[in-house]
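Engineer: What follows is a single structure, and I will ask about it in a moment.
FYI, it's all coordinate maths here, none of it is from the lab. This is a predicted model, so every value here is computed, not measured. A quick note on method: Cβ atoms are made from the backbone with ideal geometry, for glycine too, and the neighbour counts reach across all protein chains shown.
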Amino acid sequence: MHHGDWWDFVALLASLATLGFGLACHLWAEKNQRDSSHSIETAQKYRRLQILGWLAICAGIPLTIIFLEQWYESRFT
């Protein structure tokens, strides 16, 4: 693996981690919001966690696509 290939692969892994983090935040907050007592403070905390999850998902999807294309091009062309 060449030097440039390595950094493309690391960037791809970081974007996948961002996407995974976003999915985990969103799904965990959604599950706990259904299971918890519905106090306003708790609902606000879970809402913030869902928003953080959506932001990470919205950043992770395009980054994953871009870095996957770069890694694929540098690795197989």
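Engineer: At 0.692 mPa s and 37 °C, plugging the Kirkwood radius over alpha-carbon pairs of the chain into Stokes-Einstein gives what diffusion coefficient in µm²/s?
Structural biologist: 238
Engineer: List the relative contact order of the chain as a percent without decimals, with contacts defined as Cα pairs under 8 Å and 6+ residues apart.
Structural biologist: Relative contact order for the chain comes out at 50 percent.
Engineer: Once you list every other residue whose beta carbon is under 14 Å from the beta carbon of Gln50, what net charge do they have if Lys and Arg are +1 and Asp and Glu are -1?
Structural biologist: +4
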